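Report on the structure given below.
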Amino acid sequence: MKFGLSTLFGRNLWLIVALIVMGQLVNAIVYRELVAKPRLHQSAEATARSLQAVAEGLRLLPEDQRAGFVARFNARAGSGLMEGRPERISLMERAYLAELGEQLGLAPGGLQWQREANGLIAVRLPDVPYWLAVPSVQPAHRFARTWLIASGVSGVLALLGAWLIQRRINRPLQRLVEAAKAVGAGQRRLLLPTDGPAETAALARGFNDMAEALARDEEERLLMLAGLSHDLRTPLAKIRLASELLRNSFDQSGQGDKELLDTLDRSLHGLDGLLTQFLDYARAAHPAEQELPAADIELREFLAETVVLAPGLPQPVLAEGPAVKRRARPQALRRLVLNLIVNAQNHGAPPIELACGVDGGAVWIEVRDRGPGIAPGRVDDLKRPFQRGDAARGGKPGSGLGLAIVERIARAEGAELRLLPREGGGLVARVRWSG
């Protein structure tokens with residue numbers, strides 16, 4: 001869970017923290033001004049009157065009775081007090097002595113004091129040769145400490161409550177963000193839980209309806225595309241058969257236009273390739289395709305087997321490299337590699353190389369060519385369906401689905417497609433798994 005100011009959770013949590021801290025500071029100021037200071041003032045005023053009375057009494061008593069009178073006065077002041085208090089004076093005691101000196105009419109710092117063995121503070125008045133114990137401010141000190149502890153505990157409880165409340169509010173939003181990212185990555189049938197408060201439940205239901213509508217529309221488009229491609233196979237096969245019969249007739253009789261037959265064969269071959277790409281594109285996004293089992297694949301052996309199946313010319317070669325293993329769906333990964341090879345054959349230039357490797361824990365597959373490459377501004381465009389590569393790279397025009405198929409399969413496999421310039425000229429199509 002992120003607590004930075006860039007997130008809604010972090011902003012709200014720190015705002016609540018700031019408000020609680022400010023509230024505690026205001027309480028501390030109110031306590032000091034309305035409770036602590038008046039209590040100290042009253043205590044110092046009463047003590048000053050008592051000390052002045054003792055000083056006056058000492059002057060009236062015979063000298064041999066003064067020490068006993070002081071001893072009884074100090075004993076009364078220290079009755080019920082625990083011994084062993086620290087010699088270091090506390091802030092409250094310091095404020096108390098300052099207020100006492102002011103009440104006695106002394107200059108700041110003019111009041112002499114010392115810590116007695118029983119923990120009391122004894123002061124010495126001018127013209128009085130005895131140390132007189134003053135009443136302890138320990139009850140007030142204990143009250144302040146208790147108040148501070150109570151304020152601290154209440155502040156921690158308030159922060160904990162704020163964190164729990166904000167976390168409860170943030171959790172459905174986090175689920176929504178993750179679900180939106182998943183939809184953007186190609187997953188369609190996602191259902192968010194619709195429990196919780198009415199507002200978040202309504203938001204989750206709205207998202208579920210949207211995801212269901214997107215999935216339904218895409219499945220209908222893919223079904224139509226696959227059905228159309230499949231239905232065109234039959235007339236295409238009949239046309240190819242007719243072309244073969246015409247070629248046989250030409251070979252036997254020598255009558256006909258051989259160049260026209262060659263053009264017809266090339267057109268049929270191109271049309272067959274387009275239909276194959278349409279089917280691959282529909283298959284790559286179909287939910288049933290995502291459910292195919294994955295397997296541990298040794299990528300170098302896998303690429304060596306795939307090179308043999310590569311259609312057309314120039315034939316790719318497998319570059320030297322280490323043996324690398326990766327878990328993936330073999331059929332989907334084979335279609336991915338073959339589409340990259342066809343893209344390099346149609347729009348690149350030889351030599352075309354296949355390679356695999358590991359870089360900092362990231363596994364990758366590359367298809368390299370020496371064609372004109374792709375302008376950096378067109379890389380993202382060419383990953384979208386029906387974006388023709390002949391405007392960005394030289395070579396044969398295509399359906400504009402090759403890289404879109406690769407992009408879909410890569411995302412479904414948890415990988416990323418990158419189109420990078422090759423050193424010395426050309427293009428590197430890299431499919432990279434980050435972990």
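The values are calculated or read from the model by the stated rules, or taken from the named source; none is laboratory data. Nothing here was measured: the structure is a model prediction, and the numbers come from that model. Cβ placement follows ideal geometry from the backbone for every residue including glycine, while neighbour counts extend to all protein chains displayed. The area values use the complete protein model at the heavy-atom level, side chains included, leaving out ligands, DNA and RNA. Shrake-Rupley method; radii C 1.70, N 1.55, O 1.52, S 1.80 Å.
If only residues of segment 421-435 that are open to solvent by 40 Å² or more (accessible area, probe 1.4 Å) and touching a helix residue (DSSP H, G or I) at 6+ places or on another chain (Cβ under 9 Å) are counted, the one that is modelled with the highest pLDDT is Arg432.
Looking across segment 45-76 at every residue that is at pLDDT 85 or above and polar (S, T, N, Q), the one that is farthest from the chain's Cα centre (by Cα) is identified as Gln65. Segment 254-308 holds helices (runs of 4 or more DSSP H) entirely within its bounds, and those carrying 1 or more residues that are modelled with pLDDT of 75 or more map to 258-285, 299-308. Consider segment 386-420 and keep the residues that are touching a strand residue (DSSP E or B) at 6+ places or on another chain (Cβ under 7 Å) and more than 18 Å from Pro376 (Cβ to Cβ). The one that is modelled with the highest pLDDT is Ala415. Give the residues of segment 340-349 that are touching a helix residue (DSSP H, G or I) at 6+ places or on another chain (Cβ under 9 Å) and open to solvent by 10 Å² or more (accessible area, probe 1.4 Å), sorted by residue number. Correct list: Val342, Asn343, Asn346, His347.
A Cβ distance below 6 Å, combined with a sequence gap of six or more or placement on separate chains, defines the contacts here; from segment 151-164, residues that are acidic (Asp, Glu) reach no residue that is outside any helix (DSSP H, G or I) and open to solvent by 60 Å² or more (accessible area, probe 1.4 Å). Residues in segment 48-74 that are open to solvent by less than 60 Å² (accessible area, probe 1.4 Å) and of a type outside the set (A, V, I, L, M): 6 in all.
Here Glu218 fits the description: of a type in the set (D, E, K, R), open to solvent by less than 30 Å² (accessible area, probe 1.4 Å) and modelled with pLDDT under 80. Would it be correct to say that Ala344 is touching a strand residue (DSSP E or B) at 6+ places or on another chain (Cβ under 7 Å) and in contact (Cβ under 8 Å) with a residue 40 or more places away in the chain? So Ala344 fits the description; yes. I need a count of the residues in segment 316-339 that are open to solvent by less than 40 Å² (accessible area, probe 1.4 Å) and touching a residue at least 60 places away in the same chain (Cβ under 8 Å). Qualifying residue count for the region: 7.
For segment 417-435, the set of residues classified as farther than 17 Å from Arg335 by Cβ and either in a loop (DSSP other than H, G, I, E, B) or without any contact (Cβ under 8 Å) to a residue 60 or more places away in the chain (or both) consists of Arg418, Leu419, Leu420, Pro421, Arg422, Glu423, Gly424, Gly425, Gly426, Ser434, Gly435, listed by residue number.
Scanning segment 174-198 for residues that are open to solvent by 60 Å² or more (accessible area, probe 1.4 Å) and modelled with pLDDT of 75 or more turns up Gln174, Arg175, Val177, Glu178, Lys181, Leu191, Thr194, Asp195, Ala198.
Entry remark, segment 20-44: residues being open to solvent by 80 Å² or more (accessible area, probe 1.4 Å) and modelled with pLDDT under 80 number 1 in total. Restricting Val337, Val367, Val358 to residues that are assigned to a strand (DSSP E or B), closer than 28 Å to Leu275 by Cβ and modelled with pLDDT of 90 or more narrows the list to Val367.
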